[in-house]
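Encoded as C-alpha cells, the structure appears first; notes follow it.
The values are calculated or read from the model by the stated rules, or taken from the named source; none is laboratory data. This is a predicted model, so every value here is computed, not measured. Every residue, glycine as well, gets a Cβ built from its backbone with ideal geometry; the counts of neighbours run over all protein chains shown.
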Amino acid sequence: MKISIIGSGAMGCLFGYYLVKAKAEVTLIDTWQEHIEVIQNHGLTIVDGHHTNRVHIKAFSDAYQQTEKMDLIIIFVKAYDTRNALEKSLHLIGENTRIMTLQNGVGNIEVISEFISKEKIIGGTTAHGAMLKEKGVVVHAGKGKTRIGRIEGENGKREETICAFLNEAKIDTDIEKNIDGLIWDKLLVNVGINGLTAILDIENGKLLEREETETLMKKLVMEAIRVAEEAKIQISYPDPLHHVKAVAKATGNNRSSMLQDLSRGKKTEIEYINGAIVKKGKELGIPTPYNDFLQQLVRAKEKLS
C-alpha cells in the first residue's frame, strides 16, 4: 500500500513507523526541513518505554517531491494548516485514493471535502499519544484504540482493507459509522486536557492529582457536553467526563500537543478545540465561559511566546 503522511510531527511519525514496519510504501511529508533532514540522513527513531527502534523511511519537506499517486493519504497537520497542505498535495490524489484525517479539533472534514468527494474521505480518531523529543526522535507516550470510517455512505471494501492493514501494522483499529460522534468524543478529550496542560505546563496525568485542576477539567467538559447535546451530536460514551479522565490517566506521562506547541513558540489549535465549543455554543445560545476564558489565556500565551 502506498501511503503519504502529511504532517509528520509526533503522531505522523509514529504512524509512519508502524506502517513502514508492516512493509507499506510510506512517505513522510512535513515543512519542518531540519526534522525531515534528520530522518533522511539518520532514519526515524521511536522510543517506546525502554526500547528504542530506528527505521529508514522516505521523507520530504515539500509534497511536490513526491510524484506518485497514493492509495491512502493520512493527514496529521494542525487544523489551521489543512487547506494549505491539501492544496500542495492534490497531485497525489488518484481515482482510488482515500484521504484519512486523524486530526484534532473540528472543521477539518469540511475543508477536505472542498478538494475531494465526501465518499473518498475517511474520518476518525486515535487515542495514541506521542511526543517529539528532538528532530527525528519521537516518544510513544501512550497506546489506545484508533477508530475510522467513511464520513458519507456505508463503509466498503476499501475502508475494510485500510482497517485491516492498520491492524496488521499493530495499530489497533476498528471501523465505525458514527464519525461525527467519534470526532466529538476526541474533541471532549482535547477540551478537557490540552488547554489546561498547556497553560499549566504539566503532563496529562497531573491534571488528576489536584482538586483544582480536576474541577477545571470538569467545568470545561460539561460545557462541551451541553453544546454537543443541543447540537444533537451522538457521543459514544455514556459518561464522557469519566472517559476524559481515563484518557488523562492512560496518557499520564504525555505532554499534550498543545503544550508541545507552546513550548516551541508555535501557534496552537485552541481555535479548533475549546474555541470550537465557544463558537458552537454562541450559535446555540449556550454560555461557555470556562472554554472562552481558557481560549483567551492560550491565545495570550501564544503571543507572549
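When you check Ile235 against the structure, is it hydrophobic (A, V, I, L, M, F, W, C), over 26 Å from Thr82 (Cα atoms) and out of contact with any Cys (no Cβ under 7 Å at 6 or more places or on another chain), yes or no?
no
Specify the residue that is nearest to Val191 (Cα to Cα); the eligible residues are those in region 88-110 that are in a strand (DSSP E or B) and of a type in the set (D, E, K, R).
Only one residue tops the list, namely Arg98.
Tell me, please, whether a residue that is surrounded by 14 or more Cβ atoms within 10 Å (Cβ to Cβ), closer than 12 Å to Val137 by Cα, in contact with an Asp or Glu (Cβ under 7 Å, 6 or more places away or on another chain) and not assigned by TED's automatic domain parsing to the domain that holds Leu259 can be found in region 92-99.
no
Just wondering, is there one or more residues in region 219-236 that are surrounded by fewer than 20 Cβ atoms within 10 Å (Cβ to Cβ), without any contact (Cβ under 8 Å) to a residue 24 or more places away in the chain and among the basic types (Lys, Arg)?
yes
Return the residue satisfying two criteria in turn: it lies in region 168-196 and is in contact with a Leu (Cβ under 7 Å, 6 or more places away or on another chain) and assigned to a loop (DSSP other than H, G, I, E, B), and of such residues it is nearest to Gly107 (Cα to Cα).
Here the answer is Glu176.
Of all strands (runs of 3 or more DSSP E) completely enclosed by region 1-87, which ones contain at least 3 residues that are touching a strand residue (DSSP E or B) at 6+ places or on another chain (Cβ under 6 Å) and crowded, with 16+ Cβ neighbours inside 10 Å?
The qualifying strands (runs of 3 or more DSSP E) are 2-6, 25-29, 44-48, 58-60, 70-75.
Given the structure, is Ile183 at pLDDT 95 or above and of a type in the set (Val, Ile, Thr)?
No; evaluated as a whole, the condition is false for this residue.
Results for (1) part of a helix (DSSP H, G or I); (2) among the acidic types (Asp, Glu), shown as yes or no for each residue.
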| site | (1), (2) |
| --- | --- |
| Leu166 | yes, no |
| Gly205 | yes, no |
| Lys218 | yes, no |
| Glu223 | yes, yes |
| Gln234 | no, no |
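Looking only at region 117-163, how many residues end up being in a loop (DSSP other than H, G, I, E, B) and surrounded by 21 or more Cβ atoms within 10 Å (Cβ to Cβ)?
Total meeting the criteria: 2.
I'd like the full set of residues that are in a helix (DSSP H, G or I), in contact (Cβ under 8 Å) with a residue 12 or more places away in the chain and either of a type in the set (Lys, Arg) or farther than 23 Å from Val77 by Cα (or both), limited to region 245-277.
Lys245, Lys249, Ala250
Scan (1) among the β-branched types (Val, Ile, Thr); (2) out of contact with any helix residue (DSSP H, G or I) (no Cβ under 6 Å at 6 or more places or on another chain); (3) not in a loop (DSSP other than H, G, I, E, B) for the single condition Ile199 breaks and write down its number.
For Ile199, the failing item is (2).
Being within 22 Å of Lys23 (Cα to Cα), within 20 Å of the chain's Cα centre (by Cα) and either at pLDDT 95 or above or not assigned by TED's automatic domain parsing to the domain that holds Ala250 (or both) narrows it down to one residue among Val106, Val47, Val77; which is it?
Val47
Taking the conditions exactly as written (outside the structural domain of Tyr80 (by TED's automatic domain parsing), surrounded by fewer than 19 Cβ atoms within 10 Å (Cβ to Cβ), at pLDDT 95 or above and not aromatic (Phe, Trp, Tyr)), does Glu168 satisfy them or not?
Considered against the rule, which asks whether it is outside the structural domain of Tyr80 (by TED's automatic domain parsing), surrounded by fewer than 19 Cβ atoms within 10 Å (Cβ to Cβ), at pLDDT 95 or above and not aromatic (Phe, Trp, Tyr), Glu168 comes out as no.
Can you tell me which residues in region 278-305 are outside any helix (DSSP H, G or I) and surrounded by fewer than 16 Cβ atoms within 10 Å (Cβ to Cβ)?
Passing the criteria: Gly285, Pro287, Ser305.
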